[in-house]
Amino acid sequence: MYTNKVEIRVRYAETDQMGYVYYGNYATYLEVARVETIRSFGISYKALEEMGVMMPVLEYKTKFIRPAKYDDLLTIVVVIKTLPNVRFTFDYEIYNEQNQLLNVSETTLVFVDATTMKPTPAPQNVISALKEFF
């Protein structure tokens, strides 16, 4: 299992009239956390794309527990529970500064060959970077 933490501060523009983070912004927060998590084990999204690998989202699940609010410093805990194959699943927990759980989510992405747009196995550099954690 691989775990990473990413912090994001809620900006005013991300909130609704009630002062809560608009629900659609959570997908962006998860993307930022996912990109930074991949970077944390030594690979960038950009490098994957330069290798001809794309990673579209196949599935996105989310549960809202408490609202995040303007100026909250959020900690997004990202967990990779299994080595990726063709699919790559990320689990997330979002906490506020009081360590209250605000959201739990999961995304599953698929490795796709950028030329054929067909699923492809996870690149070896991704497997090699994560193998020691499993």
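The values are calculated or read from the model by the stated rules, or taken from the named source; none is laboratory data. Remember, it's a predicted structure, so these values are computed and weren't measured experimentally. Positions of Cβ are generated from backbone atoms using ideal geometry, with glycine treated the same way; all protein chains shown enter the neighbour counts.
The single residue among Leu30, Leu73 that is over 16 Å from Leu130 (Cβ atoms), among the hydrophobic types (A, V, I, L, M, F, W, C) and in contact with a Lys or Arg (Cβ under 7 Å, 6 or more places away or on another chain) turns out to be Leu73.
Restricting attention to the range 94-113, the residues being surrounded by fewer than 16 Cβ atoms within 10 Å (Cβ to Cβ) and closer than 30 Å to Leu73 by Cβ number 7. Exactly one residue out of Tyr2, Tyr12, Tyr45, Tyr22 is farther than 17 Å from Thr108 by Cα, in contact with a helix residue (DSSP H, G or I) (Cβ under 9 Å, 6 or more places away or on another chain) and aromatic (Phe, Trp, Tyr), and it is Tyr22.
Just one residue in the set Thr62, Thr108 is within 16 Å of Tyr20 (Cβ to Cβ), modelled with pLDDT of 95 or more, within 17 Å of the chain's Cα centre (by Cα) and of a type in the set (S, T, N, Q); that residue is Thr62.
Close contacts from the range 12-40, counting a first residue that is under 19 Å from Leu73 (Cβ atoms) and touching a residue at least 24 places away in the same chain (Cβ under 8 Å) and a second that is assigned to a loop (DSSP other than H, G, I, E, B) and of a type outside the set (Asp, Glu), with Cβ to Cβ under 6 Å and a gap of 6+ residues or different chains, come to Tyr12/Tyr70; Thr15/Tyr70; Gly19/Tyr70; Tyr20/Pro67; Val21/Val10; Val21/Ala68. Count of the range 51-68 residues, restricted to those that are over 25 Å from Phe41 (Cα atoms) and exposed (fewer than 15 other Cβ atoms within 10 Å of the Cβ), is 3. Looking at the structure I just gave you, is Glu7 loosely packed, with under 15 Cβ neighbours inside 10 Å, in contact with a strand residue (DSSP E or B) (Cβ under 7 Å, 6 or more places away or on another chain) and of a type outside the set (Gly, Ala, Ser)? Criteria met by Glu7. Checking Glu59 against (1) within 18 Å of Val6 (Cβ to Cβ); (2) touching a residue at least 24 places away in the same chain (Cβ under 8 Å), only one condition comes out false. Which one? Condition not satisfied by Glu59: (1).
Residue by residue, here is whether (1) of a type in the set (Ser, Thr, Tyr); (2) without any contact (Cβ under 8 Å) to a residue 24 or more places away in the chain; (3) surrounded by 15 or more Cβ atoms within 10 Å (Cβ to Cβ) holds:
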position	(1), (2), (3)
Thr75	yes, no, yes
Lys81	no, no, no
Asn85	no, no, no
Tyr92	yes, no, yes
Thr115	yes, no, no
Pro119	no, no, no
Pro123	no, no, yes
Phe134	no, no, no
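Exactly one residue out of Ser44, Ser128, Ser40 is surrounded by fewer than 15 Cβ atoms within 10 Å (Cβ to Cβ), at pLDDT 95 or above and more than 23 Å from Tyr12 (Cα to Cα), and it is Ser128.
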